[in-house]
Amino acid sequence: MAPYRQDISVANPTAGDNDTYENNLETDVLIVGAGFGGIYLMHKLRQLGFKCKIYEAGKSLGGIWHWNCYPGARVDSQVPVYEYSLPEIWEDWTWSERYPGFAELRKYFDHVEKKLDIKKDVAFDTRVTSGHFDKPSSKWIIGTEDGRTAKSRYLLLATGFAAKRHFPDWPGLDKFKGEIHHSSFWPNEGVDVTGKRIAVIGTGSTGIQISMETSKTAKSVTVYQRTANLCLPLQQKQLTAEEQQKRKEKYPKFFEDRLTTFAGFQYDFVERNTFDDTPEEREAFYEERFANGGFEFWLANYKDLLFDKKANREAYDFWARKTRARITDPRKRDILAPLEPPHAFGTKRPALETNFYDMLNRPENDVVDIKATPVVEVTETGIKTADGTLREFDVIALATGFDSVTGGMKNMGLKDVDGVELSEKWKMGTWTNLGMSCNGYPNMFFLYGAQGPTAFSNGPSCVEVQGDWIIDTIKKLRDEDIKYIDSTKEAEEEWRRKVTELSDKTLFPGTSSWYMGANIPGKPREQLNYAGGLPLYEKECRDSLNNGLQGFVTA
């Protein structure tokens, strides 16, 4: 087979039919990324009269939903919480199910395009490979992979937290004679898995989804697991246009309320602790949250779930009882739902499942514990583990995740005012101000990235909170004729201290997760997300803006 795809390089960029593809492009604002964040920034800044352009590495709008087309790909936040709060978008849009799949999410972005007319100012197939701030002109100079240059007053990064793919360093990956694909490079035309032996590497939400979907027609599915995913029930539900239309009169209040919750969802932690309830009350409470499905057992649980080890263990033991009851094979049961927790419940993002455990319980399917028996090589026909076993496959799905939160920004060739690359600056740890700016990178802001609420929040909720702050800040700069804004080093140090302090109060630091950067060998172990919740985060950001851009220098 041809070498499996490993990067987003474009050999033959699209010959665009708009001026966004010009060399030596000049604009007020250059946005990188055309997903939820980039589109929101573009729309709002246009309304304020700014000339905006977007550079997008993919071939269409949608961000992660442009790239994701692997089997079973769907969002794990239910609608309408997972959509824009913009009335012009939702007023005549309806969904078919509570958790839409990638095909419907792509249709949603087609609808967004019809309403907001974004594409005319987007250069697709355009990958940013360099960027520096030119002091004499007070502009960003941006270079692309195919040699074009752009200049802009402001550089806004909306690349998302999962922009850089991670591949395992197993010997022989390039020797495999069957089909092999990373989940984010799955062929758009799909892969016929009918009657084939499938290996799924990884048990994040992507691995869980691929496993469930391919098992419908595959001969067998074998999951390679490093750490058990403490999956929760999806509880998918079909939606009618009529029921959604009836609810829409409450949408303005709904979208307002979602920003008052810790994670930007339609529910929140309850205002009592685990042991405030009797064992019987607690069991009934857990049962209700579990039956409701989605993230309720995680994010609408007792308020001490993520802070107190004993409280957390109560939740884990309930989860283990419910899950183990579905797995009759004792070996598989102990790998997938061990009696002793592999980590505190909720300190890794739970996947949502419908039949994952039932599917793996079937005799033709299997799970391999690669902590106990690591993979030593990939051969032409399969995967060999340290115990000498060679399992043969027709298709390998690499659901091995991403260099999350910081990987995308570190991979763009961005340099500070002294010529130091961001990848070098963040080599030993991450420093930002408010999770939206960096010292030495004037007139540059980013969203849904490092040290923001990012992975602890619903994406559209986070994007709109941060996007509104960035937009209001840029408007203030224009109104007050301020040409230059840069975060102070002191503000960065203070923000990093806050992010660490908030995290250290929780159980998150005790778990090696991508939240802590621990999924990438050699990456610094640190909290990459703001753990104080959206309301507190928004207050911190607004206080800075309303107090004369405290933490920034301007000129």
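Side notes on the structure shown:
- Restricted to Cα atoms, region 186-267 shows a radius of gyration and a Dmax of 18.7, 49 angstrom.
- With respect to the chain, whose longest principal axis is taken over its alpha-carbon atoms, helix 279-292 is tilted by about 70°.
- The three principal axes of the Cα atoms in region 89-164 give end-to-end lengths of 52, 26, 20 Å, sorted in falling order.
- Based on Cα contacts under 8 Å between residues 6+ apart, the chain shows a relative contact order of 19 percent.
- Which of Thr274, Gly264, Ala241, positive extreme of dipole for region 205-275 (C-beta unit charges): Ala241
- Positive-end residue, the chain charge dipole about Cα centroid, Cβ charges, pick of Val81, Met412, Asn18: Met412
- 0 to 90° range, to nearest 10: angle between helix 205-214 axis and the chain longest Cα axis: 50 degrees
- In summary, the lysines within cross-link reach of Lys44, defined as a Cα separation below 18 angstrom excluding same-chain residues under 8 places away, comprise Lys53, Lys114, Lys115, Lys119, Lys120, Lys475, Lys476.
- Label point 7 Å beyond Cα of Asp192 along Cβ direction - residues of region 62-78 with amide nitrogen under 18 Å: 71
- Protection proxy ranking of 499-506, 81-88, 436-443 - average other beta-carbon atoms within 10 Å, highest first: 436-443, 81-88, 499-506
- Dipole check for region 173-398: with +1 at the C-beta of Lys and Arg, -1 at the C-beta of Asp and Glu, and the Cα centre as origin, the magnitude is about 240 Debye.
- Taking only Cα atoms of region 173-398, radius of gyration then Dmax in Å: 20.1, 62
- The magnitude of the dipole of the chain, with charges of +1 and -1 set on the Cβ of Lys/Arg and Asp/Glu and taken from the Cα centre, is near 580 debye.
- Net lengthening on full extension, Lys59/Gln235 (0.36 nm per residue, minus Cα-Cα): 60.1 nm
- Peptide packing: for 322-328, 239-245, 224-230, the average count of neighbouring Cβ atoms within 10 Å per residue gives the ranking 224-230, 322-328, 239-245, highest mean first.
- Percent RCO, i.e. relative contact order, over region 173-398, from Cα pairs under 8 Å lying at least 6 residues apart: 35 percent
- Packing here is the average count of other Cβ atoms within 10 Å per residue, and on that basis the peptides 116-126, 33-43, highest first, run 33-43, 116-126.
- Its DSSP H runs of at least 4 residues, each contributing -39,500 (n - 2.57), put the calculated 222 nm mean residue ellipticity of the chain at -8500 deg cm²/dmol, to the nearest 500.
- Length available on full extension from Arg362 to Thr554: 0.36 nm per residue minus the Cα-Cα distance, which gives 62.8 nm.
- Rg over Rh for region 436-548 works out to 0.99, both radii taken from alpha-carbon positions and Rh defined as the Kirkwood radius.
Read the figures in this text as sums done on the coordinates, not as results from a lab. Everything quoted here is computed from the prediction, not taken from an experiment. Glycine gets a Cβ as well: all are built from the backbone with ideal geometry, and neighbour counts include every protein chain shown.
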